[in-house]
Amino acid sequence: MSEERYKYQGIGRELQKQLLTSWYDRLQSAFGDGRKVAYLFVPGNIAEFLRVFDFELVFPEVNALQCGVRKLSGDLILKAEDVGYSSDVCGYVKNDIGMVLAGNVGPSGHTLPKPDLLLCTYCGCTTFIKWFEALSHYYNVPLVMLDIPYLREGKIEEVDRQYVVAQLKELAVICEKITGKRYDHEKLVEITRHSAEAEDLWVQILHSAKHKPSPFDSYFEAVFFMAPIYVLRGLPECTRYYREAMREIQERIDHGIGPIPEEKFRVVIEGPPPWPHFRAFWELLKKWGVCAVASSYSKVGGYWDHGFRHDPSRPLESIAEYCLTCYTNLSLPMRTDLLRQYAEEYDADAIVIHSVKSCRSFSVGQADMRDQFIRKWDIPTLLIESDLADPRYFQVAQLRNRIDAFFESLEHKRLVQVG
Amino acid sequence: MMTFEENIEQYRSIIDDVSLPTVREWKSKHLAGKVVGMFPVYTPFELPHAAGMLPVGVYGAGGKVEIDHADSRIQSFVCSIARSTLELGLRGMLNELDVLWFPSICDVARNLSGVWKPNVPNQHVEYIHFPQNMMSAAAPVYYRAELQRLLGNLQSLAGQEISRDALNRSIHQFNRNRELSRTLYRIKSVTPWLLSTYEAYVLMRLGTLIPVEEHNRILQNVLPEIQNRNPKPRDYVRVMLEGGFCEQPPLELMQVIEEAGCYIVNDDLLLHTRWFEEPVPVTDDPLLSLAEAYIHRSRYSSVRHYGNKPRKEQFLEKIRENNVDGVIFCAPKFCEPALLDYVLLKDESEKQSINYLTFEYEEKMGTFESIRTQVETFVESVMFFS
Ligand code: SF4
Ligand code: SF4
């Protein structure tokens, strides 16, 4: 794929790495130079709003997943368990608290600055609240809440939108106090304009997976390609990144190349990846020529592919809508239906659910989803279980058996149908 | 006339019966009456009450049924109350409940509300998003609207308007109930030898299954009876239980703790009965009154964000108010809110040199002997070394 004749191949990964490294550099150097630091979650992150006040942004989840990829999470989780955290709670929380206990050295070796603003963007997962309450305890910094009502009725209610907008206005006052900078509406308009541009490009990349074969793996590759839209959104370099990344995808389309040598099965994947065994997991599926053409995890921090954009003409309202519609904030029936739609839109052969033991937010209800996919819509569905952060739960032999059996039977079915 | 002890045993048989005998009885007397089941920890029971409905606590199966069907729906790494509640639903054992309310206490309860819909299609399910931004001026407005939404749905179900006066009458009844519960808890704290936690629990749990007026009458009658008992005070250590706010521990577990030498002078069991520590004001806008009470005057709990006063401070206040010798952290297995808070509260206990003991429970526990031994050792260490 990265042969000489291709100009852009590999650029999505490379540029992403560079951008993240310089972001971590910037964070490390924020010590004592007057720049203010905000901690927040990826889902429902109000990066645009905070950039008005020039906050540097830290995302504890991104640190946790990076620790997972770099195989640091096992030790960090043990550190948290040493101080009393149960083996049964969210692995991300333990990974992060382990990191704080170990001197707040991030996954890339950078020491991370303490939060000036600990902003709990409570967007679906209740563990978020417990997580930031714990950070508030360890950092001795007060927690500021941005409460995002769950989409319990299957859609945005006007009262929910108003509640979020009202909280944003209150938050502006808090941010002004912390940073000494005024809330500047024009600046927010400008920032949301950058966001919308980047979002357009990101959606083009996601939609490219409708091609056959798909030029892009919407799970195993998307989890890297999505990083800038989550952590750098609103900055011009974010848009630049997606322009470059789109070139890579276009080139793949033009030359009929894709993430695997030969696409045999198109699947939709639900659930976060097993970060400490990311490669191994991918290999288990690649072996069967599996390409993920859509996934829910790539929507945790924003769901744009059915039309939503940050809107410079109504920035606060659109930020509220963005928070309300992140994947983590969708009700279970909405999630189920979204995955079903993806299977249809992207012409997938199956749905694969990676159920994460320590993440009840995602996993409770997945067995039921599977049941519905199979019974109601006749979509073959595989449910496998491990963890997103805790390497102890990845049983490779067991996973291989389940995956092999599933795709063997799909292959068999196909042969019978063709015959 | 039955003695106090005999009454308690009769109530116990009611709360042990998962076929909901009191609810069936109520329905036989109120033929068109609707019942609203409420998952813990707290839901606004004033609303169904004002609509002439019966609000009923749904606390799982307490180990009384085998989990056969729910296992294929909810993974094994989830607390027992969620799995056994779903089991009851799948077996049709909650069919007496016309509506089921799930509050936003944790990811499990939230998703359970979603799992419910396709699995128990004839039951109306509501998920209530409680406000978590206690500092926002917009929170009462938001939560008032959420209450209005719930009320609207109850109105359609009842086929009639629910008046402001009816809501205020309900608030009044539940204020009375909270006041009586407070008195009961005060007895347990000041003179714990007069009333065991087992007895207090049975009395309070009964209240989740019968109309509030009836429960008020029962409490009113038993309070003087309790005051008139005269067992000898024992040389027990005074402990507080923390962690059982949602899934309830087996009754045997409470008995074992007490038999091992503890007076449980405070706990967070059946928390909804003591959710508001002051009366909810009766005003022109009862929904706003309930909303403001939730935001400004709720008791601390792991499933409600605390606003400007960290939970650990409120936890310490409870310890001091009740003159506690030690804390027993006992949380349901797999209960994330309790297990995550445990570390912070335990740290605070260490900082303040407060003794503590920790264990987990499940609805279905085979034996309590190892817990008995742990509690006995704890009691000894508190008595002799501190
Ligand atoms: S979504 Fe899952 S992994 Fe993320 S904080 Fe919540 S429980 Fe943990
Ligand atoms: S016991 Fe804990 S985890 Fe289970 S439903 Fe209750 S609060 Fe949630």
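Reported count of residues in the range A:150-170, each being in contact with a Lys or Arg (Cβ under 9 Å, 6 or more places away or on another chain) and facing chain B (nearest Cβ under 7 Å), is 3. Scanning the range B:337-358 for residues that are in contact with a helix residue (DSSP H, G or I) (Cβ under 6 Å, 6 or more places away or on another chain), more than 20 Å from B:Leu270 (Cβ to Cβ) and either within 16 Å of ligand 1 (Cβ to nearest atom) or in a helix (DSSP H, G or I) (or both) yields a count of 3.
Please give the number of the condition A:Arg161 fails out of (1) out of contact with any strand residue (DSSP E or B) (no Cβ under 9 Å at 6 or more places or on another chain); (2) within 16 Å of ligand 2 (Cβ to nearest atom); (3) assigned to a helix (DSSP H, G or I). Status for A:Arg161: all satisfied but (2).
Scanning the range A:244-265 for residues that are outside any helix (DSSP H, G or I) and not β-branched (Val, Ile, Thr) gives A:Gly256, A:Gly258, A:Pro259, A:Pro261, A:Glu262, A:Glu263, A:Lys264, A:Phe265. Inspection of the range A:112-119 finds no residue satisfying the criterion of being modelled with pLDDT of 95 or more and of a type in the set (Lys, Arg).
Free of Cβ contacts under 8 Å to residues at least 60 places away in the same chain, farther than 17 Å from B:Phe245 by Cβ, more than 12 Å from every other protein chain (Cβ to nearest Cβ) and surrounded by fewer than 21 Cβ atoms within 10 Å (Cβ to Cβ) - does that describe any residue in the range B:112-119? Within the range B:112-119, not a single residue is free of Cβ contacts under 8 Å to residues at least 60 places away in the same chain, farther than 17 Å from B:Phe245 by Cβ, more than 12 Å from every other protein chain (Cβ to nearest Cβ) and surrounded by fewer than 21 Cβ atoms within 10 Å (Cβ to Cβ). In the set B:Asp107, B:Asp17, only one residue is away from ligand 2 (no atom under 16 Å from the Cβ) and modelled with pLDDT of 95 or more; that residue is B:Asp17.
Annotation note: Cβ proximity below 6 Å between a residue of the range A:37-48 that is farther than 22 Å from A:Asp25 by Cβ and away from every other protein chain (no Cβ under 14 Å) and a residue that is more than 12 Å from ligand 1 (Cβ to nearest atom) and not hydrophobic (A, V, I, L, M, F, W, C) (sequence gap 6+ or interchain) occurs for A:Glu48/A:Thr192; A:Glu48/A:Ser195; A:Glu48/A:Gly234.
In the range A:359-383, the residues that are without any contact (Cβ under 8 Å) to a residue 60 or more places away in the chain form Cβ pairs under 6 Å with partners that are of a type in the set (S, T, N, Q) and within 16 Å of ligand 2 (Cβ to nearest atom), at six or more places apart or across chains, as follows: A:Val364/B:Asn111; A:Gly365/B:Asn111. Of all residues in the range A:54-110, those being buried (at least 24 other Cβ atoms within 10 Å of the Cβ) and within 16 Å of ligand 2 (Cβ to nearest atom) number 3.
If you go through the range B:107-125 and keep only what is more than 16 Å from ligand 1 (Cβ to nearest atom) and either among the aliphatic types (A, V, I, L, M) or touching a Ser or Thr at 6+ places or on another chain (Cβ under 7 Å) (or both), you end up with B:Val115, B:Val120, B:Val125. Taken together, the residues in the range A:336-356 that are free of Cβ contacts under 8 Å to residues at least 40 places away in the same chain and either within 8 Å of chain B (Cβ to nearest Cβ) or surrounded by 23 or more Cβ atoms within 10 Å (Cβ to Cβ) (or both) amount to 1. Scanning the range B:80-93 for residues being within 16 Å of ligand 2 (Cβ to nearest atom) and more than 12 Å from chain A (Cβ to nearest Cβ) gives a total of 7. B:Asp71 meets the conditions (1) more than 13 Å from ligand 2 (Cβ to nearest atom); (2) away from chain A (no Cβ under 14 Å) in every case but one. The failed one is (2).
Within the range A:32-50, how many residues turn out to be crowded, with 22+ Cβ neighbours inside 10 Å and outside any strand (DSSP E or B)?
Total meeting the criteria: 11.
Take the range A:126-143 and flag every residue that is away from ligand 2 (no atom under 16 Å from the Cβ), at the interface with chain B (Cβ under 10 Å from one of its Cβ atoms) and in a helix (DSSP H, G or I). Before the answer, list the steps.
Step one: of the range A:126-143, the residues away from ligand 2 (no atom under 16 Å from the Cβ) are A:132, A:134-143.
Within this subset, residues satisfying the condition of being at the interface with chain B (Cβ under 10 Å from one of its Cβ atoms) are A:132, A:134, A:136-138, A:142-143.
Matches in the range A:126-143: A:Phe132, A:Ala134, A:Ser136, A:His137, A:Tyr138.
Yes or no, residue by residue, for (1) crowded, with 18+ Cβ neighbours inside 10 Å; (2) within 7 Å of chain A (Cβ to nearest Cβ); (3) within 24 Å of B:Glu96 (Cα to Cα); (4) out of contact with any Leu (no Cβ under 7 Å at 6 or more places or on another chain):
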position	(1), (2), (3), (4)
B:Tyr142	yes, yes, no, yes
B:Leu151	yes, no, yes, no
B:Leu157	no, no, yes, yes
B:Glu179	no, no, no, yes
B:Arg182	no, no, no, yes
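Inspection of the range B:322-335 finds a residue satisfying the criterion of being within 14 Å of chain A (Cβ to nearest Cβ), in contact (Cβ under 8 Å) with a residue 40 or more places away in the chain and away from ligand 2 (no atom under 16 Å from the Cβ).
The values are calculated or read from the model by the stated rules, or taken from the named source; none is laboratory data. Computed from a predicted model, the values in this text were never measured in an experiment. In this analysis, Cβ positions are derived from the backbone assuming ideal geometry, glycine residues included, and neighbour counts consider all displayed protein chains.
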